[in-house]
Structures are given as C-alpha cells and as structure tokens.
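Here the structure is laid out as structure tokens; the discussion comes afterwards.
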Amino acid sequence: MADNLFFSRDTRVIVSDRHASAPTYWEIPVLDGFSFSQATNTSEITLNEMEAAAGGSRRGRRMFNDSYAPAEWSFSTYARPFTSAPGSGTVWENTGCDAHIHCVEEALWAALVANDVFTKSASTTEAEWAGTNVQSTTSGLTIGFGGSNVSNLKVLDIYFVMGQGTFVSGTHTIYKLDGAVVNSAGIDFDLDGISTINWAGFASMITEVTALPTVTINEGYDATNNFIRNRLTTLTATATTAEDIVGTYTLTLTGGSLNFENNITFLTPETLGVINQPIGHVTGTRNIGGSFTCYLSNSTAGSADLWEDLIESDETITNDFNLVFDIGGTASPTMKVTLPTCHLEIPTHSIEDVISLETTFHALPSTIGGADEATIVYVGPVPA
C-alpha cells in the first residue's frame, strides 16, 4: 500500500519575489513548528420571537460566509550568513563578480524593511536590491529601515512543498501563499542555542498548485559553517544625550529578545452576496524593541550602576542609549544589531539563586518621522 501521508520534516519552503517577467525563487530551510492557515469571516442570523397562537416559536438560525480572512503564516530560520562564490547556477553572484556577503534568509529581510525590486542579471553585474535598504559588499550584508516609511511593503509568494524525495507530480502537495507580506521578525537570545529568527506574516489567499517552482538561488542553505552561536553574544550600552546618565555600561547577557514589527493590517471589501477576498495590506506603526537579562553585578559600569542611574534619573523624560548587540561575538559568522536611539525602562529584579535584572528597551528613530531605529550587519565565514 502506497504511503499517502506527509511529514513536516520533509517540507521545503520556496519564496518568490513575484517579478512580472523573471521572478527569482529562493529556497529557505525552516525549522520544525511552521504553520499556515486561513479562516472565513461569517455572519449569523437568528430568530427570536414570542409564542404563536398555535403554541410554536421559531428558533432557527442561518450562517453566511462574508469573506476570507487574510491567511496567517509563521516559521523559524537560522541566521545564516555566507560569502557568495561567484559563478553560474543557483548562486547570488554571477561569474566575474566580487564575492559578496549574503544570508540564506535575505529575501525575508528585504520584504520586512522595504518594497525594493531585486535584480539578478545574467551578465557579470552584481545581484542586488534597489535602494539602500539591503546592501551586500565583500565585508558585510547591511540591512536598514530607511525605506520602511511606506504604506505597502514588498509582496512575496511563499510555497510550502509537502512530500518526500524528488518532486513527482501527484505524490507531492504544494500550497502557495499568494501575496504574502512579512509582518514581524523576532530574535531570541537563547543562551545555549543557535541564533534563530522567528518570522510571521499574512497572505491574501492559500491555494494548491501543481507546478514546482524552479529554484533560482539556494546558495548557503546546506552549508555547515554559517551557524551563529548565541553564547558568544555581547552587548554594549552607551548613554548618549541624557543629562544625568553618562557613560558606557558593560553587560554580560543571560538571555533576551529583539523584535521587529510592522503592524500590518489587510483590507477586505464588504460587498453583499459574494465571498470577498483580501485585496492588499497597509502598514501600521513600526515597532522595534525587546528586552535583555543579565546578572545583578556591582562592578564598575555594570548592571547595578545601570539600574541606579535609571531609577535616579529625574531630569530626562526619554533616555537615550546606543545599544549594540554582537550576536555570535566578533569573529565571523556574526550578526551585529545596532540600535542608536533606545529608550530603556527601569530594569526589574528577578530573585532567584543568582539575582538578575531584566531590562525592556524601545528602539526609536532620531526624529518622529525618521526610519533609522536599527541597522543589521551580517558577516559571513571566510570561504574554505
């Protein structure tokens, strides 16, 4: 008897930039725990009347499908930078190009921060994103939020390919998340783990398709030297403009998280007599922040001094810190996240075997209309 079951461990995820003439398809390995679903919005009509002369009382109801809710999806990937090897085939850089640094999950970052067009020419020009939001060089891959002050971000198609082994029509099932957008990315600082990014977003519709997309880029997805270890992560917190908080604090982390949120909502018509479908998305307030934990230490410029300075600060309404997370340390592969204008809340004590502090931070733009809350830089391993 043929095995007609699907296992999550056999699933492949392919992302497309939906380019009208020549779409690019990236294969992105995901971790266990991915999900995608779509629900319907319904209306209910009920009867509620008094007893009739004959003694009866109607108590029925009717249900109507009004519209499809936007599909929701989520999955996790490792943060995996690499140095591209110029050549032909499913690589970032074409023959004759420089060896630039990229990351396996780059297309997701591009969709989170802007609405840029991707170009991969067949000649010797570099593969690149339009604008300055995602820039790759031989020294690093830089991701910024300068282009995120837009009402619509980049739209993708995401394919979940279910089935084991080489694709054969009829034995595999492919679900396409049409018109997908990246709403959030979250990085958790698990002390003994590998740096992982939790992605989540929406899509207009989920459909089943039969044709497997031809992967354009899958470089670095099966490498073994581009994982980042959280345990090597360091944090530098420097007070910048606060009147009564001055200096740099040295903090050794025990955990934490960093979150990037677009607060996207979908627009859906409300025409009577049809099942309406979501037609597009609108961005909301950009929200970047998180928290970090460390032991309570009375060393000079340590966590105890940070707590004392924050709680005694009575001159500054919004404090201003430059936070630099060196995720994975300073030797490649690494990911550095710089938050130049952070407001720190007063740390809270956690009374355990070793007393610790948890500090919540909010990354703010330099001006209320700015888009410079964060910069992310990947550095890939040196090619063997």
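The values are calculated or read from the model by the stated rules, or taken from the named source; none is laboratory data. Because the structure is a prediction, the values reported are computed rather than measured. No Cβ is skipped: glycine too gets one built from the backbone with ideal geometry, and neighbour counts run over all protein chains shown.
Of all residues in the stretch 53-66, none satisfies being touching a Gly at 6+ places or on another chain (Cβ under 9 Å) and of a type in the set (A, V, I, L, M, F, W, C).
To keep it simple, each residue is scored yes or no on (1) among the small types (G, A, S); (2) surrounded by fewer than 14 Cβ atoms within 10 Å (Cβ to Cβ).
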site	(1), (2)
D10	no, yes
I14	no, no
H19	no, yes
I28	no, no
D32	no, yes
S35	yes, yes
A39	yes, yes
S43	yes, yes
E51	no, yes
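Strands (runs of 3 or more DSSP E) fully within the stretch 311-370 that include at least 1 residues being more than 21 Å from S195 (Cβ to Cβ) and free of Cβ contacts under 8 Å to residues at least 40 places away in the same chain: 334-344, 348-350.
Scan the stretch 5-26 and tell me whether some residue there is in contact (Cβ under 8 Å) with a residue 40 or more places away in the chain, of a type in the set (A, V, I, L, M, F, W, C) and in contact with a Pro (Cβ under 9 Å, 6 or more places away or on another chain). Yes - at least one qualifying residue is present in the stretch 5-26. For the stretch 224-243, the criterion of a residue being small (G, A, S), assigned to a strand (DSSP E or B), in contact with a strand residue (DSSP E or B) (Cβ under 7 Å, 6 or more places away or on another chain) and surrounded by fewer than 16 Cβ atoms within 10 Å (Cβ to Cβ) is satisfied by no position. Take S76 and decide whether it is exposed (fewer than 10 other Cβ atoms within 10 Å of the Cβ) and not acidic (D, E). Taking the combined requirement at face value, the residue does not satisfy it.
Checking each residue in the stretch 250-309 for being under 25 Å from the mean Cα position of the chain (by Cα), part of a strand (DSSP E or B) and of a type in the set (A, V, I, L, M) picks out L253, L258, L267, V282, I288. For the stretch 316-330, what are the residues that are in contact with a helix residue (DSSP H, G or I) (Cβ under 8 Å, 6 or more places away or on another chain) and more than 12 Å from L235 (Cα to Cα)? If the condition is that a residue be in contact with a helix residue (DSSP H, G or I) (Cβ under 8 Å, 6 or more places away or on another chain) and more than 12 Å from L235 (Cα to Cα), then N319 is the only one that fits.
Yes/no per residue for (1) of a type outside the set (D, E); (2) under 27 Å from L258 (Cβ atoms); (3) modelled with pLDDT under 95:
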site	(1), (2), (3)
C97	yes, no, yes
L108	yes, yes, no
V117	yes, no, yes
K120	yes, no, yes
T132	yes, yes, yes
G165	yes, no, yes
F189	yes, yes, yes
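What single numbered condition from (1) more than 21 Å from S291 (Cβ to Cβ); (2) part of a strand (DSSP E or B) fails to hold for I187? Of the numbered conditions (1) more than 21 Å from S291 (Cβ to Cβ); (2) part of a strand (DSSP E or B), the odd one out for I187 is (1).
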